[in-house]
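Undergrad: Have a look at this one before I ask anything.
The numbers here are math on the coordinates, done by the rules we state, and not lab data. Just so you know, these numbers come straight off a predicted model, no measurement behind them. Don't worry about glycine lacking a Cβ; one is built from the backbone with ideal geometry, like all the others, and counts go over all protein chains shown.
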Amino acid sequence: MTVLSKIASGAAIALTASIMSISAADAKNFKIAVGDSGGSSQEATGKAFVEALEELSGGEHTGTLFLNGQLGSEQDTVNEAAIGTLDMSILAINNVTPFSPTVGVFSLPYVILSLEDAEKLTQGPIGQELTENTINDAGVRIIAWTYTGFRRLTNSKKPVKSVADLQGLVIRVPKNEIMIDTYKAWGISPTPMAWSETFAGLQTQVVDGQDNPYTTINAMKFYEVQKYVTNIRYIFSIEPLIISEQVFQGLSAEEQEMILEAGKKATAASAQFLRDNEAEIKQILLDEGMQIDDPENNEEEFIKLATEAVWPKFYDSIGGIEKMNAVLAEIGREPVSE
Ligand code: MLT
């Protein structure tokens, strides 16, 4: 081997080594906070996202789920992601609303009436607009949607079938003005409490009840501390996977594309998870000894009180009555007027 070819082959080895080290240094393991525990819809979304990301990146990139609020309360994780100290979080939309009020439209009582409504709104132009708003308002980007189902009321004291039955109960709600006002419209003053403190609050009977979907009630083992479930359907729980915008902007265009594509796959997997499992999970709650009641008169009283008092109060924060009507039109519902 001539000196020149020795130098050339040495240079080639060095180049390969440096490519390899760039590639090893670029391999990413995203830290993903998850508010709920194992078995939840949130976990299903997270697992589907990680699996898709690994597949799309040929195994180079992955993510680790930190379940059950290990990385802090859901609202805290929005702050962490905004400043770039956390990569991603999966949390209920009601816990994003304080940072980006227009997403509150998804928590207005009785707007979303089915999984199909939720899919249409989140995956269409409205979802796109709200995604842009959260980037601008909160420094986080929604990359996938979890569909967890209707939030059902649970409590440890008595069956609740009417608004009258609700009186006297101490109900925990997220720190979300729309949800607080909804309970006020039903005649009680609820107790705002972080999600990460809710199980302990129910266990120690600081609060009598709370609301969340069947899959969440099951994953969080609320049947150990709650007996009665009321099938109200006031909010269809949507729980996005968010990425820190700072982290996202630090990725290459190719990596960004992979993240967005993995998010789409996770969204589809989440809808499938709900369709496949919700009925079975309801049965598990019954088997665990919970009593599940339907509200009287097809929930009419709950619906009337909540929509009349709460909708108009929040038109401004969600972007005006026109925005409300755009949302209603998207899911084939009649417009409202001032
Ligand atoms: C809450 O009640 O704060 C959330 O909906 C809980 C969750 O993320 O499942």
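Undergrad: Once both labels are modelled 7 Å past Cα along the beta-carbon direction, what's the Glu288-Val336 spacing in nm?
TA: So the two model labels end up 3.4 nm from each other.
Undergrad: Right, here's the next one. How much of the DSSP beta bridge set in the chain is antiparallel, as a percent to the nearest 5?
TA: 55 percent
Undergrad: Quote the charge dipole size of segment 175-224 about the Cα centre in Debye, to the nearest 20; the model charges only the Cβ of Lys and Arg (+1) and of Asp and Glu (-1).
TA: 40 debye
Undergrad: In addition: What residues from segment 163-186 fall in the zone where the backbone N is under 19 Å from a label point 7 Å along the Cα-to-C-beta line of Asn133?
TA: Within reach of a label on Asn133, which here means backbone N under 19 Å from a point 7 Å along Cα→Cβ, segment 163-186 contributes 175-182.
Undergrad: Treating cross-link reach as a plain straight distance, find the lysines whose alpha-carbon is under 27 Å from the alpha-carbon of Lys158, omitting any fewer than eight places away in the same chain.
TA: Lys175, Lys184, Lys221, Lys227, Lys282, Lys304
Undergrad: Shifting gears a bit: Quick one: angle between helix 41-56 and the longest Cα principal axis of the chain, in degrees between 0 and 90, rounded to 10, please.
TA: Taking Cα atoms only, the helix is inclined about 20 degrees.
Undergrad: With each pseudo-label sitting 7 Å past Cα toward Cβ, what's the Gln246-Asp26 distance in nm, one decimal?
TA: Result: 2.3 nm between the two label points.
Undergrad: While we're looking at this one, here's another question. Can you grab the distance from the C-alpha centre of segment 277-294 to the C-alpha centre of segment 194-211, Å, no decimals?
TA: Between the Cα centres of segment 277-294 and segment 194-211 lies a distance of 20 Å.
Undergrad: For Arg275 and Val206, calculate 0.36 nm times their separation in residues minus their Cα-Cα distance, and state this gained length in nm to one decimal.
TA: Contour length minus the Cα-Cα distance gives 21.4 nm.
Undergrad: Among all the lysines, which ones have a C-alpha under 20 Å from Lys265's C-alpha, if same-chain residues fewer than 8 places away are not counted?
TA: Reachable lysines: Lys28, Lys31, Lys47, Lys120.
Undergrad: What is the Cα convex hull volume of segment 134-275 when expressed per residue in Å³?
TA: 115 Å³
Undergrad: For the chain, modelled as a GNM with alpha-carbon contacts under 10 angstrom, which of Ser73, Ser57, Ser100 fluctuates the most?
TA: Checking each option, the largest mean-square fluctuation is seen for Ser57.
Undergrad: Tell me what the chain gives for mean residue ellipticity at 222 nm when only DSSP H runs of n ≥ 4 count, each as -39,500 (n - 2.57), the sum divided by the residue total, rounded to 500 deg cm²/dmol.
TA: Estimated from H runs of four or more residues: -15500 deg cm²/dmol.
Undergrad: Give, in nm to one decimal, the length gained when the segment between Ser189 and Glu254 is fully stretched (0.36 nm per residue of separation minus the Cα-Cα distance).
TA: Answer, rounded to one decimal: 18.5 nm.
Undergrad: How far apart, in nm, are the 7 Å Cα→Cβ label points at Glu224 and Leu113?
TA: Those two pseudo-labels are separated by 3.9 nm.
Undergrad: To the nearest 10 degrees, how steeply does helix 321-330 sit against the main Cα axis of the chain, on a 0 to 90 scale?
TA: The answer is roughly 80 degrees.
Undergrad: Could you grab the relative contact order for the chain? Cα pairs under 8 Å, six or more apart, rounded to a whole percent.
TA: Computed over the chain, the figure is 25 percent.
Undergrad: Kirkwood Rh, Cα Rg: Rg to Rh for the chain?
TA: Here the Rg-to-Rh quotient is 1.07.
Undergrad: While we're looking at this one, here's another question. Angle between the Cα long axis of helix 253-287 and the longest principal axis of the chain, 0 to 90 degrees, nearest 10?
TA: The angle comes out near 40 degrees.
Undergrad: How large is the Kirkwood hydrodynamic radius of segment 76-156, in angstrom, based on all distinct alpha carbon pairs?
TA: For segment 76-156, the Kirkwood estimate is 13.5 Å.
Undergrad: Suppose every Lys and Arg Cβ carries +1 and every Asp and Glu Cβ carries -1, with no other charges. What dipole size does the chain come out with about its Cα centre, to the nearest 20 debye?
TA: Roughly 540 debye, rounded to the nearest 20.
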